[in-house]
1. When you scan the stretch 1-80 for helices (runs of 4 or more DSSP H) that lie fully inside it, which ones turn up with 3 or more residues that are closer than 16 Å to ASP105 by Cβ?
2. Restricted to the stretch 21-32, and to residues that are open to solvent by 50 Å² or more (accessible area, probe 1.4 Å) and over 15 Å from LEU137 (Cβ atoms), which residue is modelled with the highest pLDDT?
3. Among the numbered criteria (1) surrounded by 15 or more Cβ atoms within 10 Å (Cβ to Cβ); (2) modelled with pLDDT of 90 or more; (3) of a type in the set (A, V, I, L, M, F, W, C); (4) in a helix (DSSP H, G or I), which single criterion is violated by PHE97?
4. What number of residues within the stretch 59-80 are open to solvent by 80 Å² or more (accessible area, probe 1.4 Å) and touching a residue at least 12 places away in the same chain (Cβ under 8 Å)?
5. Given the criteria more than 21 Å from ALA141 (Cβ to Cβ), surrounded by fewer than 13 Cβ atoms within 10 Å (Cβ to Cβ) and of a type in the set (Lys, Arg), does LYS4 qualify?
6. Evaluate the following for LEU55: is it in contact (Cβ under 8 Å) with a residue 60 or more places away in the chain, open to solvent by less than 70 Å² (accessible area, probe 1.4 Å) and closer than 30 Å to ASP92 by Cβ?
7. Among the numbered conditions (1) of a type outside the set (D, E, K, R); (2) in a loop (DSSP other than H, G, I, E, B); (3) open to solvent by less than 30 Å² (accessible area, probe 1.4 Å), tell me where ALA91 comes up short.
8. Any residue in the stretch 105-129 that's more than 30 Å from ARG85 (Cβ to Cβ): show its pairings with residues that are of a type in the set (Val, Ile, Thr) at Cβ separation under 9 Å, as long as the two are six or more apart or on different chains.
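The values are calculated or read from the model by the stated rules, or taken from the named source; none is laboratory data. If you're wondering where the values come from, they're calculated on a predicted model, not measured in any experiment. Neighbour counts are summed over all protein chains in view; Cβ atoms, including those assigned to glycine, are modelled from backbone coordinates with ideal geometry. Note: areas computed on protein heavy atoms with side chains; ligands, DNA, RNA excluded. Shrake-Rupley method; radii C 1.70, N 1.55, O 1.52, S 1.80 Å.
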Amino acid sequence: MYEKFGAAHTLNGFPAAALVFMRAVDSNRHRIALEAGVTGSELRALSRVAEAGSLTPKDLAESMEITTGAVTAISTRLVEAKLMRRVDNPADRRSLFLELTPAADVVMEKLYREFEASVGLATNGMPEEDVRLCSALLRAAAEELAPVE
């Protein structure tokens with residue numbers, strides 16, 4: 001599946017298809033980040049908080065695999081852009097939660113609706129069983145690559 005020809009490194013088969021798919025997803029997210037006026041890292045942070053509803057900075061840092069200092073910088077920019085807010089943690093006064101603002105909800109809705117539509121177009125005409133099998137394959141491969149803890 002992996003081959004090297006001179007200076008070029010290539011993948012074939014499913015790994016190559018997975019890489020092409022990941023790059024297409026990255027390209028879509030980059031375009032939406034630009035349209036929203038945020039960086040890719042800021043959009044990733046917004047996405048993680050959107051999926052959880054709220055996260056502590058420490059949990060966000062762990063989910064993004066970055067330092068808490070980086071999360072502080074990202075969240076500060078997002079708070080200043082009125083896309084994120086810091087909320088006191090009622091269980092621990094030394095901690096806080098990061099949550100989306102209504103403006104960020106609009107960005108996330110656009111992101112998810114556009115992704116859903118583009119994947120819908122890409123799978124239009126495919127038999128429903130093939131789409132289900134592809135979904136199962138993607139989930140299984142993702143679980144093997146990064147098991148949920």
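1. Working: elements: 13-36, 40-52, 57-64, 68-80.
Fully inside the stretch 1-80 and qualifying: 13-36, 40-52.
2. So in the stretch 21-32, the residues open to solvent by 50 Å² or more (accessible area, probe 1.4 Å) come out as 21-24, 26-27, 29-31.
In the following step, the residues that additionally are over 15 Å from LEU137 (Cβ atoms) were identified as 23-24, 26-27, 29-31.
Working: ARG23: 92, ALA24: 87, ASP26: 88, SER27: 89, ARG29: 83, HIS30: 88, ARG31: 87.
Among residues in the stretch 21-32 that are open to solvent by 50 Å² or more (accessible area, probe 1.4 Å) and over 15 Å from LEU137 (Cβ atoms), the one modelled with the highest pLDDT is ARG23.
3. Single failed check for PHE97: (4).
4. Total satisfying the criteria: 1.
5. Values: more than 21 Å from ALA141 (Cβ to Cβ): yes; surrounded by fewer than 13 Cβ atoms within 10 Å (Cβ to Cβ): yes; of a type in the set (Lys, Arg): yes.
Yes.
6. Details: in contact (Cβ under 8 Å) with a residue 60 or more places away in the chain: no; open to solvent by less than 70 Å² (accessible area, probe 1.4 Å): yes; closer than 30 Å to ASP92 by Cβ: yes.
Criteria not met by LEU55.
7. (3)
8. As it stands, the answer is THR123/VAL131, since those pairs meet every condition given.
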